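The values are calculated or read from the model by the stated rules, or taken from the named source; none is laboratory data. Since the model is a prediction, treat every value here as computed from it, not as a measurement. Quick reminder, even Gly has a Cβ in these numbers, built from the backbone with ideal geometry, and neighbours come from all protein chains shown. To get the accessible areas, we keep the full protein, side chains included, count just its heavy atoms, and leave off ligands, DNA and RNA. Shrake-Rupley method; radii C 1.70, N 1.55, O 1.52, S 1.80 Å.
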Amino acid sequence: MSPKRDMSPKRQETSKILTSKILAVVVWLAVMVVAGIQFYQHRNFKEPVVLGPGVTQVKTLGDYFPEIKGTVNDCNIYILDSGQPGGTFFVVGGTHPEEPGASLSALHLVENARVTQGRLIVAIHANRSASTVTRPGEAYPQFYHIPTEWGVRKFRMGDRWSNPLDSWPDPEVYVHYPSRQMLAYMDVRNLNRTWPGRPGGLITEKTCYALIQLMKQEKVDAFIDLHEAELEYSVISTIVAHQTAAPVAAMASMTLTAEEFPIGMEFSPASLHGLSHREVGDAIGVPTFELEAPEPFLDRVRGATGEYLLLTGKDEFVMKAGEHGLLYEKIDENGWPIDVRVGRHNSTILKIAEVWSQVNPDRAVVIENVPRYAEVKEKGVGYYLLNPAEAPKDRVVYE
Amino acid sequence: MFIHAGIILGVMVVVFVAATLLKVSIELSMLIAAVAGAIAHGVAFPARHVVEGAFTYFDVTLIFITATLFMNLLKEAGGVSYIVRAIISRFYRNRVVLLLLLTFILLVPGALTGAGSVTVLIVGAMVGNVLTYMGISKDRVAAIVFLCAAMSAAAPPINLWAMMTAAGSNMPYVGFTLPLAVITILGALFAMFYLGWKGTPISVERALAELPEPPKGMNGFKVAAPFVIFLGLVLAGRVFPFAMPVIGLPLAFLISAGVTVLLSPKRLPIFKISCETVENLLPLIGTLTVVGILVQSMALTGARGLISLSVVTMPILVIFATLFLVLPISEGVLQYGAAPLLGVPLIFLFNMKGLDPIIALAGMATIWPLGDALPPTTLVGRAAVMTVGYDGPYYQGFLKRCIVPALFIAALGTVYVVFSNALSFLVAG
């Protein structure tokens with residue numbers, strides 16, 4: 001008789017359950033190990049950045065607020081100083097790292113721009129913590145790849161909110177400082193809901209506080225916050241401007257619409273708190289522009305989620321929603337490719353700088369050598385990215 | 001794209017149905033369907049998606065576990081029996097007050113945890129006994145316990161359907177307290193009075209003799225203190241947000257649980273109660289975990305977009321007219337999974353059509369739990385029937401008793417959706 005036959009039915013049942021449990025644990029461990037390696041690689045991936053001809057200094061955010069020094073959000077701050085008197089512009093990408101057009105546009109500035117008057121300061125990953133996580137339930141790709149003339153550049157895809165590994169738990173309700181407006185609990189990790197920040201707050205609030213310190217210490221004249229938005233969202237293809245930035249934004253919007261592509265202009269709502277276009281202007285009086293480009297990848301009605309949709313912006317489901325009048329921006333079979341989105345941001349930044357410099361000649365900022373909309377659309381984002389392997393070592397830094 | 005997503009959705013449905021027919025649990029069936037969908041999409045080993053998806057409702061699960069532990073400790077300490085006995089001794093002559101207070105008792109556990117099954121497990125048997133002493137038939141008692149449990153799950157502060165839908169819509173879970181309180185209290189009171197009004201005067205001696213005796217030393221202060229502490233912690237976070245450290249709801253519930261243990265007149269077997277709590281909650285924790293994986297797989301493959309698109313392009317009148325059926329049925333099949341899959345596109349649609357999303361979601365989130373008595377899961381319905389000791393037919397007896405109050409609640413929920421703008425004055429922090 002086999003040992004199994006000797007067992008009583010109860011013992012057999014117990015043995016069966018034990019075997020099932022062990023099998024389940026083994027399978028789960030295998031899944032956890034494979035996934036864990038992928039999470040680790042994503043969180044620790046270093047994006048090379050080649051310092052373009054205009055970059056004169058690289059600082060980190062912690063240089064302006066020591067409490068951020070050495071933390072996950074101690075992001076690089078790129079300074080492009082013309083050496084000529086003028087104004088100072090501060091441009092940030094990566095406020096929401098699930099909006100890659102914003103970071104890529106900031107990267108274009110760092111790797112290409114030459115500033116001939118005034119200064120340009122750039123952050124590519126303003127909320128680096130949020131760039132180290134993808135959102136559960138949304139199946140985002142962990143990386144995306146941009147083809148270039150010399151090969152492929154790989155980038156980290158991120159989320160809208162800071163990584164819970166860096167900021168957890170969330171409060172029951174997030175009470176915004178200093179307005180005391182109650183916002184969604186997870187928005188305590190949203191860099192565009194925590195302005196102007198507070199020194200004793202959670203990491204995202206501290207990051208905003210540090211960015212404000214940067215603007216104060218560097219005497220920033222104008223601030224541009226780059227974003228992308230789903231087509232189901234009403235604030236899209238537009239410049240949202242604080243009242244102090246409204247005249248320049250209106251002129252930039254009109255000129256861009258006449259010369260390059262349609263873009264709107266909206267006033268920052270006075271009662272909506274925590275957003276850059278409201279709080280930066282209110283707190284330190286720096287005129288603020290928030291730029292929004294269309295990103296179909298963020299739409300809830302989108303089809304299969306992946307790098308293809310992220311970079312091409314082509315989606316039949318979103319198109320169908322458009323046919324039913326459910327969108328705030330047009331979409332056709334050409335989609336909204338990353339080249340178009342980055343090109344829009346580049347041109348809008350340049351146009352704002354041009355108009356600003358006309359209106360404020362004593363604080364002018366003149367930026368050259370940045371590809372405009374038509375150029376990026378024609379040649380692609382990658383055409384304007386530099387090869388880290390060919391750059392001198394001291395001209396390559398990592399994000 | 002439509003064909004691809006349609007095929008993937010078909011694969012998921014076929015695998016899910018086949019697994020349930022093979023007697024695999026609903027949770028595992030959903031997991032297998034999610035993995036099958038991802039593989040059919042071309043992802044050979046979707047490990048990252050499985051693990052990432054499993055964390056979608058991680059915070060909600062923690063709240064759920066810690067709140068239930070708190071309530072279980074309170075029950076073991078004799079707090080629940082103390083309250084029930086106190087109510088009977090004081091109000092046994094007044095049926096209206098008794099029914100009102102019993103409704104309140106039934107609402108509290110689910111309101112704090114977001115789960116009707118917790119209400120049934122913690123206070124169902126005790127309140128069921130009292131209702132039986134009041135001359136109410138067992139089928140009606142079971143229906144009352146289920147319906148009030150369903151309303152307790154929908155009641156604020158924790159409504160898992162609203163939380164999951166809000167999370168999926170990038171919408172704050174803020175402003176739901178009053179809308180949810182109004183509709184769930186109305187629904188629970190209607191169920192209680194419609195089914196429990198007719199009966200006989202309560203036999204107070206018999207009731208007190210048969211109800212469990214609380215340990216000596218238990219008193220009103222010891223029952224109220226943990227709730228006051230919890231409320232204090234929540235309020236402190238709102239009133240002194242820049243001075244109060246962020247502790248999160250799970251820790252707030254654990255602190256209240258700690259206070260319960262400290263004030264308990266008898267020594268509580270904490271480890272044993274914790275193990276039992278997690279064991280009892282495993283099916284629901286499993287559901288929340290697996291629903292996250294399913295949602296991630298559907299987002300990956302485009303199946304979620306297909307469902308969302310189908311929903312948002314339907315005529316709105318058809319949606320209004322069928323909510324009372326679609327929501328409970330989807331709950332019966334998918335449990336909490338129904339919220340992110342149907343709730344999110346519906347809320348987007350309502351928002352686009354100019355309806356108040358908070359009121360509309362509060363209405364939907366009150367209709368959903370009615371489906372917890374429907375097949376194939378019948379989870380909370382079966383628990384209610386077993387807890388009160390009703391041994392008659394499930395569908396012809398128990399479920400039939402539920403119909404009128406359930407229709408009333410569904411009608412209230414539909415009114416919330418259709419007239420959400422007119423009711424938007426209810427929205428408050």
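Relative contact order for chain B using alpha-carbon pairs under 8 Å, separation at least 6, rounded to a whole percent?
Details: 666 pairs, mean separation 111.3, N = 429.
Relative CO of chain B lands at 26 percent.
Between the range A:218-285 and the range B:257-311, what is the C-alpha centre distance in whole Å?
Centre-to-centre (Cα) distance: 42 Å.
Got a sec? Which residues of the range A:303-319 lose 20 Å² or more of accessible surface with every protein chain in place, vs. that chain alone, 1.4 Å probe?
With the partner chains in place, the range A:303-319 has these residues losing at least 20 Å²: A:304, A:305, A:316, A:317.
In percent, what relative contact order does the range A:51-398 have, based on Cα pairs under 8 Å that are 6 or more apart in sequence? Don't skip to the end; give the middle numbers.
Numbers: 834 pairs, mean separation 67.1, N = 348.
About 19 percent, as a whole number.
Assign unit charges at the C-beta atoms only (+1 for Lys and Arg, -1 for Asp and Glu), then state the dipole size of the range A:146-268 relative to its Cα centre in Debye, rounded to the nearest 20.
Charge dipole of the range A:146-268: 500 debye, to the nearest 20.
If contacts are Cα pairs under 8 angstrom and at least 6 residues apart, what is the relative contact order of the range B:250-370 in percent?
With pairs under 8 Å counted, the relative contact order is 25 percent.
In the range A:104-206, what chymotrypsin sites (Phe, Trp or Tyr not before Pro) fall in a loop by DSSP, with at most 15 other Cβ atoms inside 10 Å?
The qualifying sites are A:150.
What total accessible area, in Å², is buried where chains A and B meet, using a 1.4 Å probe and rounding to the nearest 100?
4500 Å²
If you count only protein heavy atoms with a 1.4 Å probe, what accessible area per residue comes out for the range A:51-398, rounded to a whole Å²? List each step's numbers first, then the result.
Values: 11570 Å² over 348 residues.
Here the residues of the range A:51-398 average 33 Å² of exposed surface.
Under the definition of partner shielding as Cβ atoms of other protein chains within 10 Å of a residue Cβ, what is the mean value for peptide B:342-349?
Per-residue shielding by partner chains comes out at 2.
Just checking the output field for B:43-53: average partner chain Cβ neighbours within 10 Å of each residue's Cβ?
6
So which GluC sites (Glu not before Pro) in the range A:125-179 pass both tests, a DSSP loop state and at most 15 other Cβ atoms within 10 Å of the Cβ?
Taking the range A:125-179 and a limit of 15 other Cβ atoms within 10 Å, the loop GluC sites (Glu not before Pro) found are A:149.
Taking the Cα centre of the range B:6-426 as origin, sum charge times position over the Cβ atoms of Lys and Arg (+1) and Asp and Glu (-1), and report the length of that vector in debye to the nearest 20.
820 debye
Under 19 Å Cα-Cα from residue B:23, which lysines qualify once same-chain neighbours fewer than 8 residues away are excluded?
Partners found: A:16, A:21.
Enter the accessible area per residue of the range B:1-145 (Å², integer; probe 1.4 Å; all protein chains in place).
Per-residue accessible area for the range B:1-145 comes out at 36 Å².
Charges on Cβ only, +1 for Lys and Arg, -1 for Asp and Glu, centred on the Cα centroid of the protein assembly as shown; of B:170, B:358, B:189, which one is farthest towards the dipole's positive end?
B:189
Which value, in debye to the nearest 20, gives the size of the charge dipole of the protein assembly as shown about its Cα centre, when Lys and Arg are +1 and Asp and Glu are -1 at the Cβ?
My answer is approximately 3260 debye.
Can you quote the Å³ per residue value for the convex hull of the Cα atoms in the protein assembly as shown, rounded to an integer? Show your work: numbers first, answer last.
On the way: hull volume 149.2 nm³, N = 828.
Convex hull volume per residue, Cα atoms: 180 Å³.
Reported to two decimal places, what Rg/Rh ratio describes chain B when computed on Cα atoms with Rh from the Kirkwood expression?
On the way: Rg = 21.7 Å, Rh = 22.2 Å.
On the Cα set of chain B, Rg over Rh gives 0.97.
Taking the Cα-to-Cβ direction at residue B:238 and at residue A:332 and moving 7 Å from each Cα, how far apart do the two end points lie in nm?
Result: 5.1 nm between the two label points.
In deg cm²/dmol and to the nearest 500, what is the mean residue ellipticity at 222 nm of the protein assembly as shown if only DSSP H runs of at least 4 residues count, each as -39500 (n - 2.57), divided by the residue total?
Helix-only estimate at 222 nm: -17000 deg cm²/dmol.
For the protein assembly as shown, with the dipole built from +1 on Lys and Arg beta-carbon atoms and -1 on Asp and Glu ones, taken about the Cα centre, which of A:326, B:200, A:359 lies farthest toward the positive end?
Positive-end residue among those listed: B:200.
Give the peptides A:270-281, A:205-216 in descending order of average Cβ contacts within 10 Å, highest first.
A:205-216, A:270-281
How far apart, in nm, are two points set 7 Å out from the Cα along the Cα-to-Cβ line at residue B:224 and at residue A:63?
About 6.0 nm separates the two model spin labels.
Straight-line reach from residue A:320: which lysines have a Cα under 16 Å away, not including same-chain ones fewer than 8 places off?
A:330
Only residues of the range A:46-87 count here: report those whose backbone N is under 20 Å from the spot 7 Å along Cα→Cβ of residue A:393, or say none.
A:46-52, A:58
When the accessible area of the protein assembly as shown is split by element with a 1.4 Å probe, what percent falls to carbon and sulfur?
64 percent
Ordering A:324, B:4 from largest to smallest accessible area (1.4 angstrom probe), what's the sequence?
Ranking A:324, B:4 by accessible area, largest first, yields A:324, B:4.
What average number of partner chain Cβ atoms lie no more than 10 Å from the Cβ of the residues making up B:172-178? Please report the intermediate quantities before stating the final value.
Working: counts 9, 5, 8, 1, 0, 0, 0.
What the average comes to for B:172-178 is 3.
Using a 1.4 angstrom probe on the protein heavy atoms only, line up A:25, B:204 by accessible area, largest first.
Result, largest first: A:25, B:204.
Choose one of A:245, A:192, A:44: the residue whose Cα lies farthest towards the positive end of the charge dipole of chain A (beta-carbon charges +1 Lys, Arg; -1 Asp, Glu; about the Cα centre).
A:44
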